[in-house]
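Trainee: Sharing a structure here in structure tokens format.
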Amino acid sequence: MRRILLITAVAALALAALATATVAVGAYLLRDLGPLPPRYSGPPLPRETVVSEMASILAAEGITVEREPSQGMRTCYERLSGLHAPETADAAVAAAFARARSDHGWQGGPDLGEGTLTLTKGNWTVTSRLMGQGTSGLPVPVFMTLTCVDEGDAATTPTAPSPSASALTPAPASS
């Protein structure tokens, strides 16, 4: 009986020590570090400005892209897509990202793993995945995804459909 009481007392002391350590660590993790830093610096960049700038940067590297229509008025997402020769597609995309950094003030973005390029500017982040070598002779797809943190008032204005999107819309039937 004495042995059971001794084991119970030791276990109670161990649990009390564990609880105290947990509270101390929790208090350290929940300490006030002050206000959060801003999600981005500077004024929000308009959607049209960013899309136009990135399309022209890609065009300067020989990649012609089309803007895919946004699926909603309040989305903060754009996508540019095109085709390019498989032998030079990855080099052209990498050169476009370098041009965006050096000539247009874009900064390197978060590391999303090998084969993914990322840039940030203002409230926008641009990503593109390198495709690697494709089948010789067949063009490979090139995609650039543009997402923003907060567009402010620009989020309420719908984007104009791309010329290719309007070409795919059937005309009304004539009677």
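Trainee: Looking only at segment 107-119, which residues are at pLDDT 90 or above and open to solvent by less than 40 Å² (accessible area, probe 1.4 Å)?
Mentor: Thr116, Thr118, Leu119
Trainee: So which residues in segment 120-141 are polar (S, T, N, Q) and either open to solvent by 40 Å² or more (accessible area, probe 1.4 Å) or part of a strand (DSSP E or B) (or both)?
Mentor: Within segment 120-141, Thr120, Thr125, Thr127, Ser128, Gln133, Thr135, Ser136 qualify.
Trainee: Only one of Leu80, Leu15 is surrounded by 16 or more Cβ atoms within 10 Å (Cβ to Cβ) and either modelled with pLDDT of 85 or more or more than 16 Å from Trp124 (Cβ to Cβ) (or both). Can you tell me which?
Mentor: Leu80
Trainee: List the residue pairs whose Cβ atoms are under 8 Å apart, where the first residue sits in segment 48-63 and is farther than 16 Å from Trp124 by Cα, the second is among the polar types (S, T, N, Q), and the two are 6 or more positions apart or on different chains.
Mentor: Leu58/Thr64; Gly62/Thr88
Trainee: Going by the structure shown, is Arg31 of a type outside the set (Ser, Thr, Tyr), under 25 Å from the mean Cα position of the chain (by Cα) and either open to solvent by 50 Å² or more (accessible area, probe 1.4 Å) or at pLDDT 90 or above (or both)?
Mentor: Criteria not met by Arg31.
Trainee: Filter segment 34-45 down to the residues that are modelled with pLDDT under 75 and within 26 Å of the chain's Cα centre (by Cα) and list them by number.
Mentor: Pro35, Leu36, Pro37, Pro38, Arg39, Tyr40, Ser41, Gly42
Trainee: Right, another one. Can you tell which of Val25, Val10 is farther than 30 Å from Cys148 by Cα and at pLDDT 80 or above?
Mentor: Val10
The values are calculated or read from the model by the stated rules, or taken from the named source; none is laboratory data. If you're wondering where the values come from, they're calculated on a predicted model, not measured in any experiment. Note that we place each Cβ from the backbone using ideal geometry, even for glycine, and neighbour counts take in every protein chain shown. Ligands, DNA and RNA are stripped out before the accessible areas are found, and what is left, the full protein with its side chains, is counted by its heavy atoms. Shrake-Rupley method; radii C 1.70, N 1.55, O 1.52, S 1.80 Å.
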